1. Computed over the Cα atoms of the chain, what is the ratio Rg over Rh, Rh following Kirkwood?
2. Which net charge results for the neighbourhood of Cys19, defined as the other residues with beta-carbon distances under 14 angstrom from its beta-carbon, given Lys and Arg at +1 and Asp and Glu at -1?
3. Hey, which aspartates and glutamates would be in cross-link range of Lys31, C-alpha to C-alpha under 17 Å, not counting anything within fewer than 8 residues on its own chain?
4. Give the separation of the Cα centroids, segment 1-15 to segment 39-57, in Å.
5. Tell me, what % of the accessible area of the chain is carbon and sulfur with a 1.4 angstrom probe?
6. At a 1.4 Å probe radius, which order do Arg8, Arg42 fall into by accessible area, largest first?
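The values are calculated or read from the model by the stated rules, or taken from the named source; none is laboratory data. For clarity, every value in this text was computed on a predicted model and none was experimentally measured. Using ideal geometry, Cβ is built from the backbone for each residue, glycine included, and neighbour counts are taken over all protein chains shown. Remember, those area values only see protein heavy atoms, side chains included, never the ligands or the DNA or RNA. Shrake-Rupley method; radii C 1.70, N 1.55, O 1.52, S 1.80 Å.
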Amino acid sequence: MKFEIKQRFTGAVLFALECTTFKACVEAAVKSGSDLSRSDLRYSNLSGSDLSGSDLSGSDLRGSNLRDSDLSGSDLSGSDLSGSDLSGSNLR
């Protein structure tokens, strides 16, 4: 299945890839160094993800499951994390 990560305001596609899950697509985008700032990741199940070093500034992560994820070194400035589950996540 092809998944797309879109810009939260314009809907422009920031990254797209054939993956088994949306989580795998997001992790591949981060690993490739893609700019995910201002992305729309609302209500995503990203539990246990390795998002370390990612640029998620200005992103919409409302209601996302980020439990036990590695967000170390990530830029989350200006992101909306309201209602997200960050328990057990590395936010250093």
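1. On the way: Rg = 11.6 Å, Rh = 12.7 Å.
So for the chain, dividing Rg by the Kirkwood Rh gives 0.92.
2. On the way: positive: Lys2, Lys23, Lys31; negative: Glu4, Glu18, Glu27.
Result for the local shell: 0.
3. Correct list for Lys31: Glu4, Glu18, Asp50, Asp55, Asp70, Asp75.
4. Segment 1-15 and segment 39-57 have Cα centres spaced 13 Å from each other.
5. Values: 2280 of 4800 Å².
For the chain, the apolar C and S fraction of the accessible surface comes to 48 percent.
6. Working: Arg8 75, Arg42 105 Å².
From most exposed to least exposed: Arg42, Arg8.
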